[in-house]
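For reference, the structure discussed in these notes is given below.
Bear in mind that the values in this text are calculations on the coordinates, not laboratory data. A quick note: this is a predicted structure, and the numbers were derived from the prediction, not measured. Positions of Cβ are backbone-derived with ideal geometry, glycine not excepted, and every protein chain shown enters the neighbour counts.
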Amino acid sequence: MTSVLLPQSGDHSHEAEVGSASVAVVGLGYVGLPTALSLAETGRAVIGVDISETRLADIKAGRADLLPADRRRLARHLGRLLEITSEPSRLAEADAVIICVPTPVDEHLVPDLGALRGACSMVAEAAVPGQTIVLTSTTYVGTTRELLVAALEQRQLFVGTDVFVAFSPERIDPGDANHVPERTPRVVGGVTPECARRAMALLAGSAPMLHVVSSPEAAEATKLLENTFRAVNIAFANEFATAVRALDLDPMEIITAAATKPYGFMPFYPGPGVGGHCIPCDPHYLLWDLKKRRVGSPLVETAMAGIAHRPHHVVQRAQEVLAEHSRALFGARILLVGVSYKPGVADVRESPALEILSELAQRGADVHYTDPYVDQIRIGERLLAAETSHGGPWDLVIVHTAQPGLDLAWLADAPLVLDTTYRLSLPHRQVL
């Protein structure tokens, strides 16, 4: 409905309204901690609340997975403008509360609402008159009213008069310095116009632009559209890449050529699958909600099925490559290069690498991995430690995630390389 350009850092025209507001951030994970740091950078006092003492200890010890700029912010603000705690009662001290908890799916691809319900209940229980509460976690349409507004009004705190509630979806891109919060526009949907206005005032210093929509539901649907769009196009890129291999063509060459068109095309790139907290999960919140309403979405369903199948396709392709060189998958020594879901992070949530390694092991392969960002992973009942060097000899090397600065020159001497990134320049590489 409305986009508002906000002042750049150094312009203090909003200072009288929001400059002194204290903020509590609930959830200090890959979204919450950068959010808290971006707010502290605007000069506000921030209380970071997380129920995990382990997470709090990691933050205090500097072990949190952050961009270099955020590491410097953490060192600068922790114990000063940023205080972290596991005590929910501290929420009552803040002028505003931002909820940033994970919204995963379970093994049946059904939304796991445990953390979200717990956080909304905790915030509603601690809420005090005058607070502004903003939910940022990606979820189904109607969550803000169902889990926040209803809980607040049960306490006789009426939204729009006593407290002010909005939904503003997070747009954190972990590991990418080009997509930090202060460079990324945000969408805001308030329960009432005054709720939207107060949420905008709260978020003003941590985003370059705010786009206001008519309701929390419109903002919730916006985030589902964003990541479902990505999921569908990634699924198509994967399918296209496999198809053109049959034509003996390089999909990356074709995608790069198509991307020269200045309109009507946006490049998406193939890979071993998708991971992290967004693309493998968020579209299932849409599908789950639509299914309850008996509304079909066959295109999205097919895309998500293709994404779910992609790690299995990697294993099948590994078996084919070995067979083409008269080797069996059973007993083969296989090294997976990189296991995080994307370059530049240590996050293995929903990483295709876990499923690939698990299935290879189930088929009898002797599996190993190397990743400078990830010390160990669990594959079934087995705890697998990272190889400290590329070692060898290997029957097959599968390149899953090319971490920044990782020297892959040694792959030139590897007998068989399956490149799931499609980005290596090796004459003997195989692709999916």
Next item on the list: Let me know the shape class of segment 2-214, please: from the alpha-carbon gyration tensor, a ≥ b ≥ c as square roots of the eigenvalues, rounded when a/c is under 1.5, otherwise prolate if a/b is greater than b/c, or oblate.
Entry: rounded
Note to self: If amide hydrogens are placed 1.01 Å from N in the peptide plane, which non-local residues have theirs closer than 5 Å to the one on Asp366?
What the structure shows: Gly331, Ala332, Arg333, Ile334
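Below 8 Å, C-alpha to C-alpha, sequence gap of six or more: please give me the relative contact order for segment 253-430 in percent.
Relative CO of segment 253-430 lands at 22 percent.
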Next item on the list: Quick one: angle between helix 298-324 and the longest Cα principal axis of the chain, in degrees between 0 and 90, rounded to 10, please.
Entry: 30
Item checked: log10 of Debye I(q)/I(0), alpha-carbon scatterers only, for segment 62-107 at 0.16 Å⁻¹ -> -0.68
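How long are the semi-axes of the ellipsoid equivalent to segment 272-402, from square roots of 5 times the Cα gyration tensor eigenvalues, in whole Å, largest first?
Details: eigenvalues 182, 64, 25 Å².
Those come to 30, 18, 11 Å.
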Next item on the list: Could you size up the charge dipole of the chain around its Cα centre, putting +1 on the beta carbon of Lys and Arg and -1 on that of Asp and Glu, and report it in debye to the nearest 20?
Entry: 320
Item checked: Computed magnitude of the charge dipole of segment 198-320 (debye, nearest 20; Cβ of K, R +1, Cβ of D, E -1) -> 380
Note to self: I'd like the orientation of helix 193-203 relative to the chain: the angle between its Cα long axis and the longest Cα principal axis, in ° from 0 to 90, rounded to 10.
What the structure shows: 60
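Once you have a ≥ b ≥ c as the square roots of the Cα gyration tensor eigenvalues for segment 174-265, tell me rounded if a/c is under 1.5, and otherwise prolate or oblate according to whether a/b is larger than b/c.
Values: a/c = 3.50, a/b = 2.44, b/c = 1.44.
It comes out prolate by the Cα gyration axes.
Net charge near Cys120, counting Lys/Arg +1 and Asp/Glu -1 over other residues with Cβ under 15 Å of its Cβ?
On the way: positive: Arg117, Arg145, Arg155; negative: Asp112, Glu125, Glu146, Glu153, Glu220.
Net charge in that neighbourhood comes out at -2.
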Margin query: I'd like the orientation of helix 32-41 relative to the chain: the angle between its Cα long axis and the longest Cα principal axis, in ° from 0 to 90, rounded to 10.
Written below: 50
Check: Per Stokes-Einstein, at 20 °C and 1.002 mPa s, what whole-number D in µm² s⁻¹ belongs to segment 342-432, with the Kirkwood radius over Cα pairs as the hydrodynamic radius?
Finding: 154
Check: To two decimal places, what compactness ratio does segment 242-303 give when its Cα radius of gyration is scaled by 2.2 N^0.38 Å?
Finding: 1.51
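Where does each of 401-410, 245-254, 227-236 land if you order them by average Cβ count within 10 Å, highest first?
Highest-to-lowest ranking by the protection proxy: 227-236, 401-410, 245-254.
If each DSSP helix of 4+ residues adds -39,500 (n - 2.57) and the sum is divided by the residues in the chain, what number results at 222 nm, nearest 500 deg cm²/dmol?
On the way: 11 runs with 144 residues, N = 432.
Mean residue ellipticity at 222 nm (helix-derived): -10500 deg cm²/dmol.
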Notebook entry, point to check: Which percent of Cα-Cα pairs in the chain sits in each 20 Å bin, short to long?
Noted result: 24, 52, 22, 1
Check: In whole Å, what is the distance between the alpha-carbon centres of segment 241-259 and segment 156-230?
Finding: 38
